[in-house]
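K.L.:
Here it is: the structure, laid out below.
What follows is calculated from the coordinates using simple rules that are stated; it is not laboratory data. Bear in mind the structure is a predicted one, so any value in this text is a computation, not a measurement. All Cβ positions, even for glycine, are placed from backbone atoms using ideal geometry, and neighbour counts span all protein chains on display.
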2 protein chains.
Amino acid sequence: MTLDYIKEKAKQIDEKLEQVIDQLAGVPVLLRESMKYSLLAGGKRIRPVLVLATVEALNGDTEKAFPFACAIEMIHTYSLIHDDLPSMDNDDYRRGKLTNHKKFSEGTAILAGDALLTEAFGLIAKGAKETQLSAAIALTMIEEGARFAGARGMIAGQVYDLQSENQKISLSELENIHRLKTGDLMVYAIRMGAYIAGANQSTLQGLTEFGYGLGLAFQIQDDILDVIGDQSKLGKPVGSDQENHKSTYPVLLGLEEAKQKLSLCIKEAKEKIIGFPELKPQRLLEIADYLILRDR
Amino acid sequence: MTLDYIKEKAKQIDEKLEQVIDQLAGVPVLLRESMKYSLLAGGKRIRPVLVLATVEALNGDTEKAFPFACAIEMIHTYSLIHDDLPSMDNDDYRRGKLTNHKKFSEGTAILAGDALLTEAFGLIAKGAKETQLSAAIALTMIEEGARFAGARGMIAGQVYDLQSENQKISLSELENIHRLKTGDLMVYAIRMGAYIAGANQSTLQGLTEFGYGLGLAFQIQDDILDVIGDQSKLGKPVGSDQENHKSTYPVLLGLEEAKQKLSLCIKEAKEKIIGFPELKPQRLLEIADYLILRDR
């Protein structure tokens with residue numbers, strides 16, 4: 001049922017994402033193709049769904065949330081395209097398809113990523129005008145976009161991740177990488193939803209802490225799936241972390257303790273959004289539970 | 001004297017750019033170093049100077065223009081870092097120094113570029129708040145940032161440029177590449193200045209046309225300098241266009257006709273900003289003249 005909700009919203013987001021790219025006038029054919037190839041590759045759409053679900057939990061208008069939900073998926077997709085490059089994680093497959101640089105070329109993949117990032121910020125600005133979101137709030141969202149997706153957030157996480165390759169790192173270092181690389185963008189998604197629906201500061205704070213817990217849980221589950229997952233569902237080879245000598249939760253803690261950490265992490269995250277008068281947390285709690293059960 | 005103006009403004013911009021990066025909290029040491037390496041590599045600062053000169057020409061407050069001027073230089077620098085990569089133009093030197101990926105690594109260079117682009121948008125949003133620029137105007141600037149620097153502008157130019165490698169292209173194709181790759185960001189700089197100073201629509205239009213002329217002239221001069229320039233002043237090898245079989249103005253037109261085209265282009269550009277009551281064009285006209293005389 002939660003899964004149905006996620007699937008339904010993901011389908012709407014897919015449609016909007018395609019429109020967003022198709023509506024850009026004067027994009028070279030190859031560039032548009034490359035942008036759409038990765039953007040419409042059937043991702044789980046967790047981040048945009050979190051935007052929508054947060055707006056809904058705050059009794060806001062989800063219709064007005066789509067441009068922002070699309071923008072965050074564009075940022076996420078750009079980061080995947082660049083992370084997959086030979087000079088980074090050097091991955092050939094993503095979501096069961098060739099990675100962007102394998103399908104096109106390295107140069108095209110870099111530019112498609114650049115373009116998705118650039119157009120994401122443009123979409124936030126355009127979306128704010130179209131949905132009559134307060135311009136001041138839109139500027140805060142854009143500032144936070146740089147904060148969470150930039151040199152102090154997601155990109156910092158990728159830098160630390162590259163630096164930790166083939167090195168044994170501590171649990172707290174691993175957690176810091178995930179907090180930056182995965183947590184920051186999840187938090188940004190949830191905060192976007194909170195801004196759209198006009199949440200107060202204390203609710204915003206609770207949602208932020210929920211987001212970090214969710215991001216960490218999401219990443220632990222990713223690590224676990226790399227050990228016990230089904231390649232055909234994941235769309236990428238399992239066991240690749242071990243092959244690449246990556247420090248992961250199962251490696252550092254053992255599989256059973258990693259699973260326990262995951263449960264605890266979800267439990268603690270859920271507690272962060274209980275007790276705010278303006279927030280009906282049910283849907284967000286269900287999404288948190290779903291993230292443990294997911295098999296892809 | 002125009003050169004003195006450009007040098008003085010460039011020095012102020014250098015200081016502000018360093019502050020912008022230093023003020024970002026929590027940036028990994030390597031990433032900050034890589035961002036600063038390219039950002040503070042002694043560029044000509046033509047684009048940010050154009051922002052300031054346009055504000056000045058419209059009798060606006062240049063002090064308030066610095067965040068936006070810095071943002072555009074960050075976008076320009078990111079584009080250079082990515083353009084220099086092995087999978088794009090594969091350049092080892094830029095401004096007399098090793099290119100970013102040669103000094104650091106490809107992965108770091110890609111991420112430093114991503115970070116500069118991301119933080120540029122954040123800076124526009126933050127700068128608007130700090131200088132009390134109207135939030136609606138700031139959103140327009142951000143939308144235009146995506147328009148001029150993204151898939152419909154600068155990045156489109158780079159895609160067409162890569163596609164034209166080792167191919168004979170026509171003069172109009174060459175002009176289209178330059179319009180996108182160089183013109184759009186120059187135009188964006190000038191329009192930023194116009195927005196900061198509150199220019200009216202007709203002045204904005206004149207300035208935009210001036211910007212496209214200037215961008216084209218700038219690029220023709222670049223092509224000419226690659227034939228007759230001084231390597232020690234340019235900080236990169238001359239003759240590289242010919243070596244790479246690139247279609248350039250001197251190649252397509254011959255050197256003398258390229259020089260004539262340059263003069264005509266500057267002359268026509270200058271005419272575009274004459275006759276607007278709110279605009280004192282003197283400084284902008286001088287900058288246009290200087291761009292022909294430059295030797296680096």
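K.L.:
Using Cα centres only, tell me the gap between segment A:1-57 and segment A:108-161 in whole Å.
P.N.:
15
K.L.:
Let me ask something else about it. State the Kirkwood hydrodynamic radius of the protein assembly as shown in Å, one decimal place, computed from all pairs of distinct Cα atoms.
P.N.:
Working: mean 1/r = 0.0404 Å⁻¹.
About 24.8 Å for the protein assembly as shown.
K.L.:
Under 8 Å for C-alpha pairs, at least 6 residues apart: give me the relative contact order for chain A, rounded to a whole percent. Walk me through the numbers before you get to the answer.
P.N.:
On the way: 393 pairs, mean separation 60.0, N = 296.
Once divided by the residue count of chain A, the mean separation gives 20 percent.
K.L.:
From the label point of B:Gln231, set 7 Å from Cα along Cα→Cβ, how far away are the matching label points in the other copies, in nm, ordered shortest to longest?
P.N.:
5.2
K.L.:
Right, another one. How far apart, in nm, are the 7 Å Cα→Cβ label points at B:Arg283 and A:Ser105?
P.N.:
Modelled inter-label distance: 4.2 nm.
K.L.:
Are any of the pairs A:Lys9/A:Lys181; B:Lys9/B:Lys64; B:Lys126/B:Lys181; A:Lys44/A:Lys181; A:Lys36/A:Lys103 more than 19 Å apart by Cα-Cα distance, and if so, which? Please report the intermediate quantities before stating the final value.
P.N.:
Working: A:Lys9/A:Lys181 24 Å; B:Lys9/B:Lys64 14 Å; B:Lys126/B:Lys181 27 Å; A:Lys44/A:Lys181 17 Å; A:Lys36/A:Lys103 12 Å.
Violating the 19 Å Cα-Cα cut-off are A:Lys9/A:Lys181; B:Lys126/B:Lys181.
K.L.:
Over all residues in B:202-208, what is the mean tally of Cβ atoms on other chains that come within 10 Å of each residue's Cβ? If you can, show how the numbers build up before the last one.
P.N.:
Details: counts 0, 0, 0, 0, 0, 0, 0.
Average neighbour count from other chains, rounded to a whole number: 0.
K.L.:
Now a separate question. In segment A:108-217, which GluC sites (Glu not before Pro) fall in coil by DSSP and have 15 or fewer other Cβ atoms within 10 Å?
P.N.:
Details: sites: A:Glu119, A:Glu130, A:Glu143, A:Glu144, A:Glu165, A:Glu173, A:Glu175, A:Glu209; in loops: A:Glu165.
Qualifying residues, ordered by number: A:Glu165.
K.L.:
Here's a follow-up. From the Cα trace of chain A, what convex hull volume per residue do you get, rounded to a whole Å³?
P.N.:
Details: hull volume 35.0 nm³, N = 296.
In chain A, the Cα hull volume divided by residue count equals 118 Å³.
K.L.:
A further question on this structure: At 222 nm, what value in deg cm²/dmol follows for the protein assembly as shown if DSSP H runs of at least 4 each add -39500 (n - 2.57) and the sum is divided by all its residues, to the nearest 500?
P.N.:
-22500 deg cm²/dmol
K.L.:
How far is B:Ser202 from itself in the other copies, in nm, if each label sits 7 Å out from Cα along the Cα-Cβ line, shortest first?
P.N.:
5.7
K.L.:
Here's another thing I want to ask about it. For segment B:1-94, which trypsin sites (Lys or Arg not before Pro) are in a loop by DSSP, counting at most 14 other Cβ atoms within 10 Å? Numbers along the way, then the final one.
P.N.:
Numbers: sites: B:Lys7, B:Lys9, B:Lys11, B:Lys16, B:Arg32, B:Lys36, B:Lys44, B:Arg45, B:Lys64, B:Arg94; in loops: B:Lys44, B:Arg45.
Passing sites in segment B:1-94 do not exist.
K.L.:
So the label point sits 7 Å from Cα along the Cα-to-Cβ vector; using that for A:Glu175, what distances do you get to the other copies, in nanometres, sorted shortest first?
P.N.:
Sorted ascending, the copy-to-copy spacings read 6.2 nm.
K.L.:
Now a separate question. Between A:Lys44 and A:Glu268, how many nm apart are label points set 7 Å from Cα along the C-beta direction?
P.N.:
With each label placed 7 Å out from Cα toward Cβ, I get 2.0 nm.
K.L.:
Run the reach check for B:Lys272 against lysines, Cα to Cα strictly under 19 Å, same-chain hits fewer than 8 apart removed. What comes back?
P.N.:
Leaving aside lysines fewer than 8 places away in the same chain, those within reach of B:Lys272 are B:Lys261, B:Lys280.
K.L.:
I'd like to compare A:273-279, B:248-254, A:98-104: which one has the highest average count of other Cβ atoms within 10 Å, and what's the full order after that? Don't skip to the answer; put the middle values down first.
P.N.:
Details: A:273-279: 15.6, B:248-254: 18.9, A:98-104: 20.6.
Averaged packing, sorted descending, gives the order A:98-104, B:248-254, A:273-279.
K.L.:
Could you tell me the extents of segment B:55-187's C-alpha atoms along the three principal axes, largest first, rounded to whole Å?
P.N.:
Per principal axis, max minus min of the Cα coordinates gives 48, 37, 24 Å.
K.L.:
For an R0 of 30 angstrom, estimate the FRET efficiency from the Cβ-Cβ distance between A:Asp4 and A:Ala25 and round to the nearest 0.05. Intermediate results must be reported in sequence, preceding the final value.
P.N.:
Details: r = 36 Å, r/R0 = 1.21.
Taking R0 as 30 Å, the efficiency between A:Asp4 and A:Ala25 is 0.25.
K.L.:
Work out the FRET efficiency for A:Ser202 and A:Thr131 from their Cβ-Cβ distance, taking R0 = 25 Å, and round it to the nearest 0.05.
P.N.:
Numbers: r = 25 Å, r/R0 = 1.00.
E(calc), rounded to 0.05, equals 0.50.
K.L.:
Would you tell me the mean number of C-beta atoms belonging to other protein chains that fall within 10 Å of each C-beta in B:155-165, as a whole number? Walk me through the intermediate numbers first.
P.N.:
Working: counts 11, 8, 1, 7, 12, 3, 0, 6, 6, 0, 1.
Partner-chain Cβ atoms within 10 Å, mean over residues of B:155-165: 5.
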